[in-house]
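Read through the structure below, which is laid out as structure tokens, and then see the notes.
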Amino acid sequence: QPADHIPMTEKARQIALPLSAAMPGDARRIVLGNGNRAAAEALQAPEGWPFHTAVLAGPPRSGKSLFARWFSGMGAGQSIDDADRMDETELFHLWNRAQEAGRPLLLTRAAGPWDIRLSDLRSRMGAALQLAIAPPDDAMLAELIAEHAAARGVPMPDGASAYLVPRATRDYAAIEELVETIDRLSLERKQPATLAIWRDALDILQGGDPEADQPDLL
């Protein structure tokens, strides 16, 4: 089966991006889970989008840009990342050109309200398919920790997920920062990333005692 048409089943955990090389700071795989599976499935069926347009909203570092690259790389249509930061008149013209060409158009934007001043654009965006990336559940959080660690080359021994998941903040950027902090502490101390470093990384990021509410699971 072609790699650019991967079925999104309950067992699917990641989808490969059609990139020839990893971009700096970006993983080449999108972790699938409760927070983004519905959006991933919708992106594979652009023929059903109203006015051939979908708007994908999500918090920072949640994979919106990776989804946009994946969608464009599939050849399914055009994507515009950070559409809410664009000049509204320019964006309206891009939407019109996509309509004239019958080309599906995916727009990504930040989570929260999108205050569109141009009335014509506001009505078009309101009629588009609205997709959103939600916070990750425990299973997806564990996958994200593993993926960020693998991307950084940080070995995470057995027990890492069991310890980190109940204590980590349910936020995509925070999860990435957690793994980055674990990596930094491991390098600074010239020690493998095990319990003491996990605990200290959580303490640094959360400004408290990560042991206060949770017993050790190791």
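Descriptive notes on the structure:
- Exposure of ARG103 as accessible area (Å², to 10), given a probe of 1.4 Å and all protein chains: 80
- In this view, the solvent-accessible surface of THR89, computed with a 1.4 Å probe and all protein chains in place, comes to about 70 Å².
- These residues, LYS190, LYS64, go from largest to smallest accessible area, 1.4 Å probe, as LYS190, LYS64.
- Among ILE116, HIS148, ILE133 - extreme Cα towards positive end, dipole of the stretch 88-218, charges at beta-carbon: ILE116
- In Å², nearest 10: area of ARG29 left accessible to a 1.4 Å probe: 100
- Ranked order, PHE67, PHE92 - accessible area, probe 1.4 Å, largest first: PHE92, PHE67
- Using a probe of 1.4 angstrom and keeping all protein chains present, the accessible surface of the stretch 62-166 works out to 47 square angstrom per residue.
- Evaluating 6.51 cos²θ - 1.76 cosθ + 1.60 at θ = phi - 60° for every residue in the stretch 37-43, the Karplus couplings come out as 5, 4, 5, 4, 5, 5, 5 Hz, glycine and proline recorded as x.
- Carbon/sulfur fraction of accessible area - the stretch 97-218, other protein chains in place, 1.4 Å, %: 50
The values are calculated or read from the model by the stated rules, or taken from the named source; none is laboratory data. In this text, all values refer to a predicted model and were calculated from it rather than measured experimentally. Cβ coordinates were reconstructed from backbone atoms using ideal geometry, including for glycine residues, and neighbour counts include every protein chain displayed. Ligands, DNA and RNA are excluded from the accessible area calculation, which covers all protein heavy atoms including side chains. Shrake-Rupley method; radii C 1.70, N 1.55, O 1.52, S 1.80 Å.
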